[in-house]
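**Student:** Just passing along the structure, written as structure tokens.
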Amino acid sequence: TKTISKCYVQVTGMTCASCVANIERNLRREDGIHSILVALMAGKAEVRYNPAVIHPSAIAELIRELGFGATVMENCGEGDGILELVVRGMTCASCVHKIESTLMKTNGVLYCSVALATNKAHIKFDPEIIGPRDVIQVIQNLGFATSLVKKDRSASHLDHKQEIRQWKRSFVVSLIFCIPVMGLMIYMMVMDSQLADAHAHHNMSSEEMEALHSSMVLEYQLLPGLSVMNFLSFLLCVPVQMFGGWHFYIQAYKALKHKTANMDVLIVLATTIAFAYSFVILLVAMAEKAKVNPVTFFDTPPMLFVFISLGRWLEHVAKGKTSEALARLISLQATEATIVTLGPDNVLLSEEQVDVELVQRGDIVKVIPGGKFPVDGRVIEGHSMVDESLITGEAMPVTKKPGHTVIAGSINQNGSLLISATHVGADTTLSQIVKLVEEAQTSKAPIQQFADKLSGYFVPSIVAVSVVTLFAWIIIGFVDFEIVEKYFLGYNKSISAAEVIIRFAFQASITVLCIACPCSLGLA
């Protein structure tokens with residue numbers, strides 16, 4: 001008896017079905033090669049060969065000679081079929097043992113575990129020797145009812161609608177409140193510069209100076225220490241902090257719980273501290289009845305939230321687009337297949353409807369006109385036109401006759417076909433496309449990985465720098481008060497030197513935090 005071994009070869013450079021046919025045709029002629037199956041989307045060839053005659057490396061070399069890239073894949077466990085079943089009617093551990101031991105004795109079953117609590121069985125098998133229907137038959141023969149675990153074909157996990165809604169809402173809320181804050185800021189800047197000009201050219205009459213000062217309505221104090229500008233900014237900032245920043249707070253909390261610092265943590269830190277600091281400063285100024293309005297940072301949170309939530313919203317919209325395509329692809333898969341048993345001379349003996357997941361390699365599947373091909377396969381009997389536009393984008397139907405390959409998900413048009421299944425389950429072209437798109441979505445672009453890695457260091461280091469700033473200024477202040485006095489303009493002479501220093505130090509460290517936040521914009 002000749003022993004037949006199996007190997008997998010990764011093939012690169014295949015562009016279409018004719019490449020596949022070319023490889024299969026040429027390799028079949030070689031000595032020692034028993035059979036070959038090439039999957040285009042997976043870029044994989046499964047070769048069964050006689051090890052006494054030929055080696056996998058020689059097979060790869062043969063493929064390379066045809067002008068494709070080929071490497072032998074080491075982990076041959078790729079070909080294992082995996083089956084998830086629901087088993088009903090088990091009452092105790094001995095039932096579990098009975099099923100497991102019977103299955104393990106069955107030729108072709110590699111691994112099997114049955115859980116009594118969940119009524120589930122997880123089975124690995126070699127699709128060359130045994131198929132899912134045989135496994136189910138074995139369990140049913142023992143007297144248990146079995147069915148497949150129903151897969152969720154709706155692809156609901158790919159739906160980004162909720163996230164898109166949530167970030168859009170977050171963005172709109174922040175934007176509504178951000179625009180007035182920006183307006184106030186710009187107005188203040190313009191007024192300040194006009195005042196500066198006025199002071200520079202002392203040739204203004206006192207009436208004009210008065211007029212300019214009175215135009216600084218925003219600096220007018222509602223209560224001692226509380227200017228119109230600060231009061232309005234505060235009112236506009238609160239809703240943004242609460243509604244616009246809600247999701248950021250949740251994410252940041254989760255990140256900190258796992259002892260990691262991501263972008264959200266920095267955003268939350270900067271906005272919260274800016275808000276809290278400004279609020280406290282206002283209260284202090286009111287308590288002191290300060291003449292000079294304190295410098296607040298109420299403009300920081302709304303602007304940050306606007307930019308970041310806009311970024312997140314766009315990101316989810318883009319993801320949603322890809323996912324939509326994926327969901328459509330998944331919906332193309334057929335759910336059932338008609339399996340037929342053939343007698344001599346291809347006479348139909350019987351046919352049965354089974355779940356697509358139960359189709360085994362080598363099964364004969366009948367596809368009626370207007371039906372979808374459930375699996376990839378080769379035509380054995382019948383002539384028809386097939387619409388393969390879902391894979392190839394080609395609007396014209398393609399003629400199929402015995403020997404031609406068909407693709408799962410494509411639609412049979414006018415004739416009834418019998419096909420022999422070559423790729424089933426996760427190996428079909430359609431499943432491979434779905435898998436590729438899913439992988440493309442889950443894998444990050446290298447630059448994104450780099451940014452995530454950076455932000456991991458970025459956040460703690462910024463916090464550290466701002467803390468250092470805080471203490472540095474406190475120390476400098478107590479050592480040499482004049483420096484602080486020089487930079488900290490307009491402080492009230494009535495308050496103690498220590499308070500001035502601490503206030504100045506806080507202002508400096510908050511500034512560091514807030515200025516670091518636009519960097520997080522860059523990263524975002």
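The values are calculated or read from the model by the stated rules, or taken from the named source; none is laboratory data. None of the values given here were measured: they were computed from a predicted structure. Every residue, glycine as well, gets a Cβ built from its backbone with ideal geometry; the counts of neighbours run over all protein chains shown. These accessible areas exclude ligands, DNA and RNA; they are computed on the full protein's heavy atoms, side chains included. Shrake-Rupley method; radii C 1.70, N 1.55, O 1.52, S 1.80 Å.
**Student:** What is the calculated FRET efficiency for Thr511 to Val284, with r their C-beta to C-beta distance and R₀ = 22 Å, to the nearest 0.05?
**Tutor:** 0.80
**Student:** Give the accessible surface of the range 292-360 per residue, rounded to a whole number of Å², with probe radius 1.4 Å and ligands, DNA and RNA excluded.
**Tutor:** 49 Å²
**Student:** Separate question: Compute the signed sum of charges (Lys and Arg +1, Asp and Glu -1) over the other residues within less than 11 Å, Cβ to Cβ, of Ile136. Each step should come with its number before you reach the end.
**Tutor:** Values: positive: Arg133; negative: Asp134, Asp355, Glu357.
Net of charged neighbours comes to -2.
**Student:** I would also like to ask the following. Protein chains only, probe 1.4 Å: how do Thr71, Thr429, Thr15 rank by accessible area, largest first?
**Tutor:** Highest to lowest solvent-accessible surface, that is Thr15, Thr71, Thr429.
**Student:** In the chain, what percent of the accessible surface is made up of carbon and sulfur (1.4 Å probe, ligands and nucleic acids excluded)?
**Tutor:** 62 percent
**Student:** Separate question: Could you report the range 81-148's accessible area per residue, 1.4 Å probe, as an integer in Å²?
**Tutor:** Here the per-residue accessible area is 49 Å².
**Student:** Would you mind estimating how fast the chain diffuses translationally, via Stokes-Einstein at 25 °C and 0.890 mPa s with the Kirkwood radius over Cα pairs, in µm²/s?
**Tutor:** Value of D from the Cα-based Kirkwood radius: 82 µm²/s.
**Student:** Please report the relative contact order for the range 5-72, taking Cα pairs under 8 Å with a sequence separation of at least 6, and give it as a percent rounded to a whole number.
**Tutor:** Answer for the range 5-72 is 43 percent.
**Student:** Can you give the relative contact order of the chain as a percent, counting alpha carbon pairs under 8 Å and 6+ residues apart?
**Tutor:** Contact order relative to length: 12 percent.
**Student:** Return the sequence-ordered ³J(HN,Hα) values of the range 509-515 in whole Hz as given by the Karplus equation 6.51 cos²θ - 1.76 cosθ + 1.60 applied to θ = phi - 60°, using x for Gly and Pro.
**Tutor:** Couplings: 6, 5, 4, 4, 4, 5, 6 Hz.
**Student:** Filter the cross-link list Lys124/Lys257; Lys319/Lys401; Lys124/Lys401; Lys254/Lys453; Lys44/Lys372; Lys321/Lys400 down to pairs whose alpha-carbon distance in this structure exceeds 29 Å. Could the numbers behind the result be given before it?
**Tutor:** Details: Lys124/Lys257 38 Å; Lys319/Lys401 41 Å; Lys124/Lys401 35 Å; Lys254/Lys453 18 Å; Lys44/Lys372 24 Å; Lys321/Lys400 34 Å.
Over 29 Å apart, Cα to Cα: Lys124/Lys257; Lys319/Lys401; Lys124/Lys401; Lys321/Lys400.
**Student:** Write out the trypsin sites (Lys or Arg not before Pro) in the range 90-185 meeting two conditions: DSSP loop, and at most 13 other Cβ atoms within 10 Å of their Cβ. Kindly include the intermediate steps, with their values, before the conclusion.
**Tutor:** Numbers: sites: Lys98, Lys105, Lys120, Lys124, Arg133, Lys150, Lys151, Arg153, Lys161, Arg165, Lys168, Arg169; in loops: Lys150, Lys151, Arg153.
Here the sparse-neighbourhood loop sites are Lys150, Lys151, Arg153.
**Student:** Convert each backbone phi in the range 423-431 into a coupling constant with the Karplus relation 6.51 cos²θ - 1.76 cosθ + 1.60 (shift: θ = phi - 60°), then list the ³J(HN,Hα) values in order as whole Hz, x for Gly and Pro.
**Tutor:** Values, residue by residue: 10, 10, x, 7, 8, 5, 3, 5, 4 Hz.
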